[in-house]
1. For the pair ASN168 and ASP230, how long in nm is the line joining their label points, each one 7 Å along Cα→Cβ?
2. Considering every Cα-Cα pair within segment 116-159, what fraction, in whole percent, is farther apart than 13 Å?
3. How tilted is helix 274-285 with respect to the longest principal axis of the chain? Cα atoms for both, answer in degrees (0 to 90, nearest 10).
4. Report the local net charge at ARG206: Lys and Arg +1, Asp and Glu -1, summed over other residues whose C-beta lies under 10 Å from its C-beta.
5. Considering the convex hull of the alpha carbon atoms of the chain, report its projected area averaged over all viewing directions, in nm², one decimal.
6. Within segment 180-211, name every residue whose backbone N is under 18 Å away from a label modeled 7 Å from Cα of LEU268 along the Cβ vector.
7. Measure nothing fancy, just the Cα-based angle from helix 208-225's long axis to the longest principal axis of the chain, in degrees from 0 to 90, nearest 10.
8. Just the number: Rg to Rh for segment 81-177, Cα atoms, Kirkwood Rh, two decimals.
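Read-outs: derived from the displayed coordinates by stated rules, not from any lab. Because the structure is a prediction, the values reported are computed rather than measured. Note that we place each Cβ from the backbone using ideal geometry, even for glycine, and neighbour counts take in every protein chain shown.
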Amino acid sequence: MYCSAEPYDRVFINLGPFPVYWYGFLIMLGALTGLIVAQREAKRLGLHKDFFIDLLVFAIPAAIIGARMYYVIFQFEHYDSLLEMIDIREGGLAIHGALIASVLVAYLYTKKKNVSFWKVVDIAAPSLLIGQMLGRWGNFMNQEAYGGPISESTYQSFHQYLPDFIMNQMCVDGVYHHPTFLYESVWSMLGIILLLVLRYKVNPRRGVIFLSYVMWYSFGRFFIEAMRTDSLYIVPGLRTAQVISIVLILGSLAVLYYRHKKGYDDVLYDGTSLKKQGSNRKKKKK
């Protein structure tokens, strides 16, 4: 349906001749908020107070590089020079690339520090979703990562009740588009609630919270990706993010099964050893 609205300025603030874009500001805000949440939980579970600060020194650059490399690989034919490939001022960062790179860095870092990898990523999982939830609003300010055009009936049944500032920004070339950034941001918020319930009410085995995060995000992304107009494709008709989402869900289920089968998940999220619990029960029976 027809619409008319001017997009928002992508610049958050100008520091002299240097513009700070909403996109970068919101990503950093998400990272900072996630860091604060992770630090508090890390302290509760006995990690050094600066553990996640030190980890982020390596993880954030790796995530940016990984996100850009992932995007460029699937858009390689659109770039004419190396400078264009590394220019991220117009966006062009893929979250799956950031996730893969940051998890790899976390694995190497925990090995070096002799800290449980699963303990660290379980703590970090809600923070990752916080970063994704806020980061999607950077896509909103860039007027990107939106879906296809909205029909009149769809608008009248749902989208007319959304705030005007959202729908006005989703007015592209005179047509309202699906605010897929909003769908994913809300999905991430629900995921945060789920992970916090697992953390504080269930206290599952180590690895469950992080792998639940991977599956939750991937499940939502699979369906949201189908609406988007800017998808990366492995081959025509096959969206990269949907394929990766399926692989991540199946891979997470396989890891959960393997860890349980081999007895590698014999520690609960809070550090309680199930082996010790079992031996204490045997002693009581005797």
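1. Reported label-point gap for ASN168 and ASP230 is 2.1 nm.
2. Details: 662 of 946 pairs.
Percent of Cα pairs beyond 13 Å in segment 116-159: 70.
3. Once rounded, one gets 30 degrees.
4. Details: positive: LYS119, ARG205, ARG259; negative: ASP122, ASP265, ASP266, ASP270.
The answer is -1.
5. Values: hull surface 76.3 nm².
It is 19.1 nm².
6. What the label zone holds, given the 18 Å backbone N cut-off, is 195-210.
7. 20 degrees
8. With Rg and the Kirkwood Rh in hand, the quotient comes to 1.14.
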